[in-house]
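Trainee: Structure incoming, see below.
The values are calculated or read from the model by the stated rules, or taken from the named source; none is laboratory data. Just so you know, these numbers come straight off a predicted model, no measurement behind them. Reconstructed Cβ throughout: ideal geometry from the backbone, glycine too, with neighbour counts over all protein chains shown. SASA here: full protein model, heavy atoms, side chains in, ligands and nucleic acids out. Shrake-Rupley method; radii C 1.70, N 1.55, O 1.52, S 1.80 Å.
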Amino acid sequence: MLSAQNIGIKSLHKRMLAAAAFSAAAFFLFSPSLSAQSWDWHTETADKAGIFTSIASDKDGNIHLSYSTGEVVKYAFRPAGVDSKWFTMFLDGGNAFTDLTLDSQGHPHICYTGGVLRYARWDGSKWDKQKIATDNAPIGFSCAIAVSPDGTPHISWYRERSGQDVLYGHIKFAVLQNGVWLIHTLDFDTQTGKWESMRIDSHGNPVLSYV
């Protein structure tokens, strides 16, 4: 599990977008009555700018965020607690779609695009970053990530063009097995999978929805 002490926070990137405050919101149920629920939203500023965000909460109530500022990809962490503060760190360069999930230990796994599909995993002390689908095909749309209970990461993404710059337009899927990414095309219908979402079922199998 991450903590404020072992994150190794780097200094904020000096060039932030002049955008409206980027806020993370958490809701709390006040009324115990199922027939008359009342919701109150609590908002916090996690960073000065943020697009293509993804959020998850671990079993201890710590909050994890991935996002792009338009120039760099970042990760933010908020320890559980009423007076806790947000800690942010630079993850990679570029403007990218992001998706974040947590493994059984509460460690974040992030996929992000921006020309190249990348995968980042926090191992408890540092980030392990890899490139996936490393041919010349540009990856410019969203990705989805899920981690099985045994720690196996699964990633899907939309591949718009081939490495030869020919229209391809199919959803792709990769799973890490024995240190090697095994990549498949999931759907050969035209232009499928530009926007996707993925979860793991009770048997540890990935389940996807997509356009």
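Trainee: Among the residues of segment 110-161, what is the count of those that are assigned to a strand (DSSP E or B), closer than 23 Å to N178 by Cβ and among the small types (G, A, S)?
Mentor: Count: 4.
Trainee: Please go through (1) hydrophobic (A, V, I, L, M, F, W, C); (2) closer than 18 Å to S54 by Cβ; (3) in contact (Cβ under 8 Å) with a residue 12 or more places away in the chain for A137 and return the number of the only condition it doesn't satisfy.
Mentor: Status for A137: all satisfied but (2).
Trainee: Considering every residue within segment 7-25, establish whether at least one is surrounded by 12 or more Cβ atoms within 10 Å (Cβ to Cβ), modelled with pLDDT of 85 or more and not in a strand (DSSP E or B).
Mentor: no
Trainee: Then there's this: In the set S66, S57, which member is within 26 Å of I183 (Cα to Cα) and small (G, A, S)?
Mentor: The conditions single out S66.
Trainee: Going through segment 171-185 one residue at a time, which ones are over 17 Å from P206 (Cβ atoms) and crowded, with 16+ Cβ neighbours inside 10 Å?
Mentor: None - no residue of segment 171-185 is over 17 Å from P206 (Cβ atoms) and crowded, with 16+ Cβ neighbours inside 10 Å, so the list stays empty.
Trainee: Sticking with this structure for a sec: Taking only pairs six or more apart or across chains, which ones have beta-carbon atoms under 7 Å, a first residue in segment 198-211 that is among the polar types (S, T, N, Q), and a second residue that is crowded, with 16+ Cβ neighbours inside 10 Å?
Mentor: Here the result reads S209/E196, each pair linking segment 198-211 to a residue that is crowded, with 16+ Cβ neighbours inside 10 Å.
Trainee: While we're here: On the given criteria, is R118 under 20 Å from A49 (Cα atoms) and either open to solvent by 10 Å² or more (accessible area, probe 1.4 Å) or over 14 Å from the mean Cα position of the chain (by Cα) (or both)?
Mentor: Here the answer is no, as R118 does not meet what is asked.
Trainee: Consider segment 101-141. How many of its residues are among the hydroxyl-bearing types (S, T, Y) and farther than 15 Å from T152 by Cα?
Mentor: Going through segment 101-141 one residue at a time, the tally reaches 4.
Trainee: Follow-up question, since we're still on this one. Taking R199, is it outside any loop (DSSP other than H, G, I, E, B), open to solvent by 30 Å² or more (accessible area, probe 1.4 Å), basic (K, R) and farther than 14 Å from L117 by Cα?
Mentor: Here the answer is yes, as R199 does meet what is asked.
Trainee: On to the next question. Being under 19 Å from T43 (Cβ atoms), open to solvent by 10 Å² or more (accessible area, probe 1.4 Å) and not polar (S, T, N, Q) is the filter here; which residues of segment 65-96 pass it?
Mentor: Selection gives R78, P79, A80, G81, V82, D83, K85, W86, F87.
Trainee: I would also like to ask the following. Quick check: anything in segment 167-187 in a loop (DSSP other than H, G, I, E, B) and either among the charged types (D, E, K, R) or closer than 24 Å to N95 by Cβ (or both)?
Mentor: Checked segment 167-187: no residue is in a loop (DSSP other than H, G, I, E, B) and either among the charged types (D, E, K, R) or closer than 24 Å to N95 by Cβ (or both).
Trainee: I would also like to ask the following. Could you pull out the residue among Y67, Y75 that is touching a Lys or Arg at 6+ places or on another chain (Cβ under 8 Å), within 21 Å of S197 (Cβ to Cβ) and modelled with pLDDT of 95 or more?
Mentor: None of the others qualify; the one that does is Y67.
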